[in-house]
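Below: the structure, in structure tokens.
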Amino acid sequence: MNTSFSNIKNGLEIDLLSSSELNNFQFELIRNTLISVNDNSTYYSNLFKEINFDVLNFNDISAFKKIPFSTKEILQEFNNELLNVPIKNIAEYVTTSGTLGAPVQFLLTENDLDRLAYNEARGLSVAGVTSDDVVQITTTLDRRFMAGLAYYVGCRMIGAGTIRVGVGAPQLQWDTIAQMSPTVIIGVPSFIVKLIEFAIHNNIDINASSVKKIICIGEPIRDIELELNKVGQFIKSQWNVQLFSTYASTEMATAFTECEFGQGGHQLNELIYTEIIDEDGNDVLENEIGELVVTTLQVEGMPLLRFRTGDMVRKYNAPCKCGRKSSRLGPIVGRKGQLIKYKGTSVYPSALQHILDHMAEVETYVIEAILNDFGEDQINVLIAISGDKEIIINKLKELCQSYIRVTPEFLIREAGFINHLRNRPEMRKPILFIDNRR
């Protein structure tokens, strides 16, 4: 099947493949990737020799799953050895956000840039964006950030008009909306909230604007049950728009974007192969939560095999109401590296976030993990509250006991102090969890 990066309609055919057709299709793409890295990547060619992996006789996906996992630590240690083309072929240099450690450099060829545009065009088309739309991009295109570049080139491939406003500046954002009439906004949900608050305080009629869709990036707008979380609910209650959630990372080089039914981000099978594994590295049962492992397909510069993302997710394999047969990923339940063992119970910060985000009286918060005097994990929640603090704290303790079976320490702080911790200029995303155990 044609998987040219020049036409996203090719991908729509792939979304309709049967299970057997898809397995054969992805097997050939995996084989091509294995041959490429064996010939060109110092890291993978050495790895294949070490484990006696015979690329030329690769004929079973079970053999592929014998290849050791890649990790963030391997990317950091062997960054240069993972390069799969001569350095002269590199057209773009980007780095990861560094959310869970030192940033990693990723190098893209011209073909990878075409793939990047195709990937984002495919994702945006899943959300119903067309050449009739005008898209206002409220994320950065600088600082070696892949996502901002992806949204721009993706919109260009679709044929949509683009307005590169960049981050921040609510007044400029609203001036642009008034002057240029965008129909779609791409932005971080917490920034969309700031846009709404700015509009309310400045008597701007939000629902008289031209905006019909918001593509939410970088932060979740849904909970584990695929219902809108506190942020998503607030946006919808104030702004009569369609909301779409996306999930992506620099390492994956691929986006998972919701369709209009909001039942998880659709997998682009021509660009990525996914596994969901348990703590022992084995596949979990269908619909169980596990760690997402990805293999990038049709990447030239730095392909990755069986990369452990550290993100705990659930995969949905049943066909979607939209007609696509591609698998979908639900919201991130938690990050494996952020797991807290508290009073004998495993807790992910995102479970606490779900509780906090659904309490209207909670103004802002940061979750902190520390070690107590006995070297055991402890959870502190630095929190700012509007209303009767004692009543709200008691309600939060009840909810925590009901949903996560343990109660963290709630520490009342000023909202300004907490927001200073959350919003650091050197970070691309707000910080909701601080791990001070190390």
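Worth a mention:
- Rounded to the nearest 10 Å², the accessible area of Y316 at probe 1.4 Å: 40 Å²
- Accessible area per residue in Å² at 1.4 Å probe, computed on the range 213-329: 35 Å²
- E390 accessible area, 1.4 Å probe, all protein chains in place, Å² to nearest 10: 130 Å²
- Within the accessible area of the chain (1.4 Å probe), percent carbon and sulfur: 48 percent
- Cα-based equivalent ellipsoid, the range 208-261: semi-axes from gyration tensor eigenvalues, Å: 21, 14, 9
- Pairs of lysine residues in the range 306-389 that meet both criteria, 8 or more places apart or on different chains and Cα atoms under 29 Å apart, total 6.
- Evaluated over the chain, the Cα radius of gyration and Dmax, each in Å: 22.1, 68
- Loop-located trypsin sites (Lys or Arg not before Pro) in the range 1-109 (DSSP state not H, G, I, E or B) with no more than 13 neighbouring Cβ atoms inside 10 Å: K66.
- Taking all protein chains into account, the per residue accessible area for the range 1-86 stands at 56 Å² (1.4 Å probe).
- Heavy-atom SASA rank of D278, D388 (probe 1.4 Å, accessible area, largest first): D388, D278
- Heavy atoms of E21 accessible to a 1.4 Å probe, total area in Å² rounded to 10: 100 Å²
- Evaluated over the Cα positions of the range 236-332, the convex hull gives a direction-averaged projected area, one quarter of its surface, of 7.3 nm².
- Pair-distance distribution P(r) for the range 319-438, from all Cα-Cα distances in 10 Å bins starting at 0: 12, 40, 31, 12, 5, 0 percent.
- The GNM of the chain, with springs linking C-alpha atoms under 10 angstrom apart, assigns the highest mean-square fluctuation among A248, A147, A169 to A169.
- Accessible surface computed residue by residue for the range 109-154, with neighbouring protein chains in place and a 1.4 Å probe, gives 32 Å² per residue.
The values are calculated or read from the model by the stated rules, or taken from the named source; none is laboratory data. None of the values given here were measured: they were computed from a predicted structure. Methodologically, a virtual Cβ is constructed for each residue, glycine included, from the backbone with ideal geometry; neighbour enumeration extends over all protein chains shown. Accessible surface is based on the protein model in full, side chains and every heavy atom, while ligands, DNA and RNA are left aside. Shrake-Rupley method; radii C 1.70, N 1.55, O 1.52, S 1.80 Å.
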